[in-house]
1. Spelling out what I want: for every residue of region A:157-172, take phi, set θ = phi - 60°, compute 6.51 cos²θ - 1.76 cosθ + 1.60 (Karplus), and round to whole Hz; glycine and proline get x.
2. How many percent of the alpha carbon pairs in region A:283-366 exceed a separation of 19 Å?
3. Sequence neighbours fewer than 8 away in the same chain don't count; with that in mind, list the aspartates and glutamates whose C-alpha is under 18 Å from residue B:182.
4. If you bin every alpha carbon distance in region A:100-173 into 10 Å steps from zero, what whole percent lands in each bin?
5. Let me spell out the model: positive unit charges on the Cβ of Lys and Arg, negative unit charges on the Cβ of Asp and Glu, origin at the Cα centre of the protein assembly as shown. What dipole size does that give, in debye rounded to 20?
6. Using a Gaussian network model on chain B with a 10 Å cutoff between Cα atoms, which of B:270, B:137, B:79 fluctuates the most?
7. Tell me, what is the percent relative contact order of chain B, built from C-alpha pairs under 8 Å that lie six or more residues apart?
8. How crowded by other chains is B:260-270, given as the mean number of beta carbons from other chains within 10 Å of each beta carbon?
Amino acid sequence: MANKAFGVINSAANYIRVEGLHDYRPIGAFSFLGRFRVIDFPISNMSNSGINRIHVYLNSRPRSIVEHIGDGRHYNINSKRGNIQLLFTQNNGHSSIYNTDINAYLENLEQIERMPQDYVIVAPSYMIYKQDYQKLLDEHVASGTDITLLYHKVDQAKEYYRACNVVTLNKQKGVQSLERNMGTAKEKLISMDTYVMSKEIFVDLIKKAKKESSAYSLADMIALACETLDVRGYQHKGFFAAITSLDDYYRANMEMLEYATAMDFFTSDWPFYTKTTDACPTQYFHGASVTNSMVCNAGLIEGTVENSIIGRNVHIGKGAVVRNSIILSYADIGDGVYIENAVVDKWVEVKKIKKIVSESVTPTYVKRNDKL
Amino acid sequence: MAQTSMLAMILAGGRGSRLHELTKKVAKPAVAYGGKYRIIDFPLSNCANSGIDIVGVLTQYESVLLNSYVAAGGRWGLDTKDSGVFVLTPREKADCGLDVYRGTADAISQNIDFIDAYDPEYILVLSGDHIYKMNYDKMLSFHKEMGADATIAVRGVPMKEASRFGIMNTDDNRRIIEFEEKPEKPKSNLASMGIYIFTWKTMRKLLIEDMKNPDSSHDFGKDIIPVMLNGDKKLYAYEFSGYWKDVGTIDSLWEANMDLLDSDNELNLDDTSWKIYTEDTGIIPQYIASSAKIDGAYINQGAHIGGEVSRSVIFSNVKIAPGAKVIDSVLMPGAIVEEGATVTRALVAENIRIGKNAKVGNKKSEEILLVAKNVKGED
């Protein structure tokens, strides 16, 4: 396969905040189904598409992602001909308006300009989907367009995808506008913040942005470019999640409990790679009851688990009930504790409080390392 | 080349014929165990966790899968510049023809050149088919402290059963004074575990002599140890007390799997300070459907449970359809149990399919049934 493109994985825009989880790590490092991290999906998509030069831009709290990606060998990237570069931005505070993807690219412009490939695929580290980028690139080259943008048609744009951009297309799939989703209608075309363009246009947009506004993002620049360049949409089909709020995060995990959805997404011809930990299998004790759930390894299950995601090394005590919840790694749910509609972060210990329930649609979030 | 203090040689050439069809195409050390492991993961992980960098794996019988499996030393962290796992199969040499390994000692003798290249002070000889966790570094400290020529790991077995083992008789200082293979009237209950540390200089000489001896069967237990005891060599017994299993039969392999269902099982695979490393893939977590009922199980990631499971060990990519039942059984990677089928007291081999409504195994049977061929379904 010809490697005509290099990959760029960017962070979520500075106005995207996911309650709770985001205080401890960037969205790319969020756990998905208890064993993956969100960033595994764009990297695996690139690796499976034959892209073996990948830039990962980190703009805040990089520890968990750096640890997770490491030398990138687990992503099946050729260790001689390919590599994953972790690129940092030092100059801006986490929530600063200047902390944009463009500023990250500007700080590392030399790295970008040195890439030998003619094209670039830009993909976000906060979305989960499956896409063959080689196919997208071939389509882009064949169409002769300047920028190809990936989008997904959704019917819950009022409740979800609130921090995403929506696109409007003309009949020829030409992008007419790209703007924030204000939740004005159910049906929208959500931009997947994924673009294909020549390296030349990419570098040009970055340089222009500097003159335009110090707070502009690549998406802002492409929105502007709709007037002068040929920007076209490419429809994505299949599972798609944008992790832009706790609700979106929760829903993305829960959707995978639908067996058909999971089997359609996880197929042996398109593996999703992750860092593995050699965790032993999970032990289910006599008296445990587990239904409609995904359970990771090294768990000790003594209680009841329903419609939930259970991360690695989790203990569910005797008589405990976990319902419609996401329990992240190393959490210890004590005997007799009842948890419903919650996202319980890593290393949490629930012993004294016997009931954690959210009555609203939005799940309750339990902070990392909390002892309750 | 940097000198290494102790080099390990894992004997992994045995067929394990009492495991029947399970070892028809793979050697015993490559047999699946414990939901996600292969047996050889145990000695290899023990080596890695004990700080041993160079591990030779001596393979012979049906070694294709085993060779490719162990060659990826990175799996056990044995892939730094100074470490590695080396597959050593019998090879043709300039001064003698191609010869199979004629015995455990011969397997080492034929690789003296490999060992010499690392110039070790000690060599550790292990079996590739035992399930246990052991810190070989502690055993080496003991070996050095005793100034031994050989240290043999032993474990206490019930006196009643001692006549089934190779028994070491020791003096008060744990020095071995006699070795008896399956004695009718055992004098001690210290059974050899087939784990040896030898001072390489001494052992090298003995192996060269042994190669020239036409009457030798070139076996450590039968030939080398007796020669050492008859000479003036110092042999010591190092007592080990943790979990240890030689899974020679289908029944014992099944039993060793079932041991993992105990909440306080001695093997303690979830001890993060002494992990057993293995091939770990990025498959999805265990998927437990609404129709599932699990009552006592040890289940690996990537298993799909739709039916009932009780007291069983389930490997990755196993699929148990809704309405199927799995009781007191071990389902190896990729095994499929279709709707309405029942599996009882059985060990189902890798990638075997149990068809719709089929009944396999028997609750009352004393022996465990090995299912190594697909079972047809009934409508």
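1. 6, 6, 8, 10, 6, 5, 9, 7, 9, 10, 10, 10, 10, 8, 5, 8
2. Details: 768 of 3486 pairs.
It works out to 22 percent of all Cα pairs.
3. Result set, ordered by chain and number: B:161, B:219, B:223, B:246.
4. Percent of Cα pairs in each bin: 12, 38, 38, 11, 1.
5. Numbers: 86 positive and 94 negative charges, 214 e Å.
It works out to roughly 1020 debye.
6. B:270
7. Numbers: 883 pairs, mean separation 54.3, N = 379.
Taking the mean separation of contacting Cα pairs over the length of chain B, I get 14 percent.
8. On the way: counts 3, 4, 2, 5, 0, 1, 0, 1, 1, 6, 10.
Across B:260-270, the average partner-chain Cβ count within 10 Å equals 3.
The values are calculated or read from the model by the stated rules, or taken from the named source; none is laboratory data. The model shown is predicted, which means the values in this text are computed figures rather than measured ones. Backbone-built Cβ (ideal geometry, glycine too); neighbour counts: all protein chains shown. Heads up: the accessible areas ignore ligands, DNA and RNA and are worked out on the full protein's heavy atoms, side chains in. Shrake-Rupley method; radii C 1.70, N 1.55, O 1.52, S 1.80 Å.
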